[in-house]
């Protein structure tokens, strides 16, 4: 019997007509509505008939039975017409819809990430008292998670009576995606408690969460549970376990799992390579890669990227080139991730030319590509190259990100290129990046390392938000740029804003050390102990340095012994401390212990031990260490090492040998080296050689007042007053100014400063009276003033009066008047102590029974019972 042809045309309906006449049910199960000349084509699905067009909105022109209505919504969902589907849903809320209809429209809401529409669908489900079964509940949970409302999805999840394992896994995974790893693990524990039959995906996901949290104990429990359930041979689970143990630094456990795994796939091998590389065992990672190639396992992109990172970390350029060739054959060069890693490998291995060739051949470059190249120039200290890339990026219309800007600033800081750094700062201002915290911190660091603390402070003062790094950068910058008072001021301001950390302590302690501010240093030490920072090796090293530079060598040694894992810095600080305080033999013993401990000395270590030999007059030992450095450790001597040797020869009276040594140097001597010999000429009153040496010094540093004054003092001590007068007139003509002698002493946290010849101190009369009294006693016991150190052309009385006004005498006398008898007097001076003050200090220590510790610009002098630790070598 022939079927009746469908009537495709409909008349407009009034409000009282039944809506069921508005729909046509075609044989293929799709539903269409009345055509209109104004409507567009709805769908191409009706291939057997004339295209149908919409005459009026479906909400006004459509009627159907419930079954037809479900199919119509499904049709709109298939067509991606969310608006039409929602209009139908809202109009027919009281209809009995099928569960799969709700699922279809919820899926469409998820696809469009329309949280608002999805919530309307959920409201309809609730108002119609629809039973939320496993399928519908899962779809609701999935919708909310997709649209970013995991909290509401969890509510639906918790209300569901039955939930299959896939939905539990989905929730575990979704919490992991937003970084809530703890909740993922909590859900896993609920699964176990409720007896949910977990699968391999459950374990792979929860192991990643445990690794991210660093929960080794919890991960080991999961490991035991999965073994109990028989997942110990499941490839994907074992791969996750390997990654978990590598993340927890359990390298041996990871290898043991890999070694027992029979069915290894490429992910297993990749996990081992990346795990070894990320744990600092790049060489082991490369060995695994070699084994992988030997066994014929096909590598993928992840393999070569991990291997290239390993080559970069171990600076294995030859292997990096081999991997490059292998990747080229496998056509990985077209992948931007590979190209970025490749150029990073070349730059870290010091082959900037190859990195540049890779960069230039890249068809597509990301900001990472530019940043990697900039980082390469940064590591090589080529700030000019980094700046050229910045300019090229500007020309190509590529805006630098924060990483690129900070990388260039680090390059400028490393090469001390202030001008280039200022150009980057200009770019930062022009592109409105001044509000970025990371950029501001990098700017301050650059200015501090380039010695421009005014610019650093300008950036710091304009920052709306400052973090701990901002404060630490400023404190460390002031400390390293010899501005300790400013460092202490900003540290005090920081304490009002936020709590300092271990890095702060390591930055502020050098400021206390340079000022010899022992009391302030002790306060900070107390803060370190209260907050548990003493276990930080950098802080521990800074504490040893502080007490050594404050002359408290016993405490420095005690703290040094307490460092459980001493590094090269620890040993070097202790050696330098002994050297500064005149304990050359102890410095040598410590140096030997360092070598016996397997610590290889570097350039700085040898500077410290040569300095110690110089200040203890240990000539033979000094030569021996100089040869050990050159021959045993193949360290090419630098100007600092030559300066120590010249100083050692000069202090021990070998002036002519020192002069010959300088002339035989393979590198041109600087003013410091000639200046060391000039100081020796003053000690041994060799005026003729001093004049010869001074000519060289003046050529190298014509504006350095100190050397002119030193030669003038040599003339004055030799009582060559005419030459002394001419030299001081020369200083006047050049417009040079000598820094006045200044000494300071810390009492009850307050620093008291004394300037030579200045009697403005409130207790100046008491100080003067005490010094006259001590001077009389000195004469009575046969000590006479060394008036040649007065450096003036006058009678003996005038010279003696001038000597009494030296700043170190004033400070020591003030200490005797103010400090209790049991307290050590600690004085710091900005210049070298004069011979008369040195004799006076020895007499003071014997007469008063007080220990006096004086740190001048060269070294420490420990005066006790009429003797000095320097034994004349200063």
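Throughout, read-outs are computed from the coordinates displayed, never taken from laboratory work. What you see is a predicted model; the values in this text were computed from it and never measured. Glycine gets a Cβ as well: all are built from the backbone with ideal geometry, and neighbour counts include every protein chain shown.
Taking the C-alpha atoms only, the angle from helix 251-260 to the longest principal axis of the chain is near 40 degrees. One chain, two ends: residue 701 and residue 864. Fully extended at 0.36 nm per residue, the span grows by 54.8 nm beyond their Cα-Cα distance.
Between residue 468 and residue 773, the FRET efficiency estimated from the beta carbon spacing at R0 = 45 angstrom works out to 0.30. Label sites at residue 379 and residue 235, each approximated as a point 7 angstrom past Cα along Cα to Cβ, lie 3.5 nm apart. By the count of neighbouring beta-carbon atoms within 10 Å, fewest first, 76, 754 end up ordered 76, 754. Residues of the stretch 591-609 falling in the label zone of residue 672, defined by backbone nitrogen less than 18 Å from a point 7 Å along Cα to beta-carbon, are 602-609. With both partners inside the chain, how many of the DSSP beta bridges are antiparallel, as a percent to the nearest 5? Bridges in the chain are about 80 percent antiparallel.
Rg and Dmax, both from the Cα atoms of the stretch 455-667 and both in Å, are 19.4, 61. Here the spin labels are modelled as points 7 Å beyond Cα on the Cα-Cβ line, and at residue 846 and residue 758 they lie 3.3 nm apart. Shape summary of the stretch 427-504, radius of gyration then Dmax from alpha carbon positions: 12.0, 36 Å. The spacing between the stretch 295-346 and the stretch 696-738, judged by their C-alpha centroids, is 64 Å. Taken along the Cα-to-beta-carbon direction at a fixed 7 Å, the label points for residue 624 and residue 96 span 10.5 nm. Against the chain, whose longest principal axis is taken from its Cα atoms, helix 66-79 shows a tilt of about 40°. Rg and Dmax of the stretch 149-262, both derived from C-alpha coordinates alone, stand at 14.3, 45 Å. Going from the fewest other Cβ atoms within 10 Å to the most, the residues 572, 473 appear in the order 572, 473. Computed from Cα atoms alone, the Kirkwood hydrodynamic radius reported for the chain is 35.0 Å.
Applying 1/(1 + (r/R0)^6) with R0 = 45 Å to the Cβ-Cβ distance of residue 458 and residue 249 gives a FRET efficiency near 0.55. Listed peptides 536-542, 298-304 appear in the order 536-542, 298-304 once ranked by packing, highest mean of other Cβ atoms within 10 Å at the front.
Take the Cα coordinates of the stretch 346-393, assign each an equal point scatterer, and use the Debye formula without solvent to give log10 I(q)/I(0) at q = 0.15, 0.19, 0.21, 0.23 Å⁻¹. Each listed q maps to, in turn, -0.32, -0.53, -0.65, -0.78.
Multiplying the residue separation of residue 199 and residue 337 by 0.36 nm and subtracting their alpha-carbon distance yields 46.4 nm. Considering only alpha-carbon pairs that sit under 8 angstrom and 6 or more positions apart, the relative contact order computed for the stretch 444-546 is 22 percent. Once both axes come from the Cα atoms, what is the angle between helix 367-379 and the longest principal axis of the chain, in degrees from 0 to 90, rounded to 10? Once rounded, one gets 20 degrees.
Using C-alpha pairs under 8 Å with a sequence gap of at least 6, the mean separation divided by the residue count of the chain gives a relative contact order of 4 percent. Remark: relative contact order (the stretch 493-645) = 16 percent; criterion is Cα-Cα distance under 8 angstrom and separation of 6 or more residues.
Counting neighbouring beta carbons within 10 Å and listing from fewest to most, the residues 377, 201 come out as 201, 377.
With a Förster radius of 22 Å applied to the C-beta separation of residue 636 and residue 589, the computed FRET efficiency comes to 0.25. Multiplying the residue separation of residue 262 and residue 530 by 0.36 nm and removing their Cα-Cα distance gives an extension gain of 91.2 nm.
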